[in-house]
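Colleague: The structure under discussion is supplied below as structure tokens; questions concerning it will follow.
The values are calculated or read from the model by the stated rules, or taken from the named source; none is laboratory data. Computed from a predicted model, the values in this text were never measured in an experiment. Neighbour counts are summed over all protein chains in view; Cβ atoms, including those assigned to glycine, are modelled from backbone coordinates with ideal geometry. All accessible areas refer to the heavy atoms of the entire protein, side chains included, with ligands and DNA or RNA removed. Shrake-Rupley method; radii C 1.70, N 1.55, O 1.52, S 1.80 Å.
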Amino acid sequence: QVQLVESGGDLVQPGGSLRLSCAASGFVFSWYPMSWYRQAPGKERDMVARISTTGSGTNYVDSVKGRFTISRDNTKNMVYLQMNSLTPEDTAVYYCARGWTGGDYWGQGTQVTVSS
């Protein structure tokens, strides 16, 4: 069965960095674009970044451009989100999803808290 397992969330100070990882299994990983979403308390779940099957194409929400980088390793069935210059507004549960739009499978999420 399809499984997506996120890890790497933590409490970090403003200006800090984190790297989120998502381990995928149960499907041919290299066939699918992958995405990262986040949901802050009381807000809707929004797309943060997405990556094409080969990694050659990426897309970011404006608020994270220049700070976040999505990448993937098709040999390891992994997708990553490198997050730099974090601000309190980045505090959310971050989810890995299969697909370019909407996501048909989701992980359980990993909490990122940015606070001093």
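Colleague: Does the range 3-11 include one or more residues that are touching an Asp or Glu at 6+ places or on another chain (Cβ under 6 Å) and either of a type in the set (G, A, S) or surrounded by 13 or more Cβ atoms within 10 Å (Cβ to Cβ) (or both)?
Modeller: Narrowing the range 3-11 to residues touching an Asp or Glu at 6+ places or on another chain (Cβ under 6 Å): none.
No, that holds for no residue.
Colleague: Let me ask something else. How do the pairs read when you match residues in the range 1-21 that are among the hydrophobic types (A, V, I, L, M, F, W, C) with residues anywhere that are modelled with pLDDT under 95 and open to solvent by 60 Å² or more (accessible area, probe 1.4 Å), using Cβ under 9 Å and keeping only pairs 6 or more apart or on different chains?
Modeller: V2/D104
Colleague: It is to be established whether one or more residues within the range 58-69 are within 18 Å of L4 (Cα to Cα) and surrounded by fewer than 18 Cβ atoms within 10 Å (Cβ to Cβ).
Modeller: Residues of the range 58-69 that are within 18 Å of L4 (Cα to Cα), as a first pass: none.
Scanning the range 58-69, I find no residue that is within 18 Å of L4 (Cα to Cα) and surrounded by fewer than 18 Cβ atoms within 10 Å (Cβ to Cβ), so the answer is no.
Colleague: Something else: Give just the number: which of (1) out of contact with any helix residue (DSSP H, G or I) (no Cβ under 8 Å at 6 or more places or on another chain); (2) at pLDDT 95 or above; (3) of a type in the set (D, E) does D104 not satisfy?
Modeller: Failing condition for D104: (2).
Colleague: Just checking, does the range 23-36 include any residue being within 22 Å of S115 (Cβ to Cβ) and surrounded by 16 or more Cβ atoms within 10 Å (Cβ to Cβ)? Outline the logic, then answer.
Modeller: To start, the set of residues in the range 23-36 that are within 22 Å of S115 (Cβ to Cβ) comprises 36.
With surrounded by 16 or more Cβ atoms within 10 Å (Cβ to Cβ) added as a condition, the list becomes 36.
Yes, the conditions are met somewhere in the range 23-36.
Colleague: Let me ask something else. Applying the selection to the range 1-29, what residues are over 17 Å from the mean Cα position of the chain (by Cα) and closer than 15 Å to R72 by Cβ?
Modeller: Correct list: F27, V28.
Colleague: Among what's in the range 83-106 and is in a helix (DSSP H, G or I) and over 16 Å from T69 (Cα atoms), pick the residue that is least open to solvent (accessible area, probe 1.4 Å).
Modeller: First, pick out the residues of the range 83-106 that are in a helix (DSSP H, G or I): 88-90.
Filter once more, keeping what is over 16 Å from T69 (Cα atoms): 88-89.
Working: P88: 69, E89: 139 Å².
Looking at the filtered set, the residue picked out is P88.
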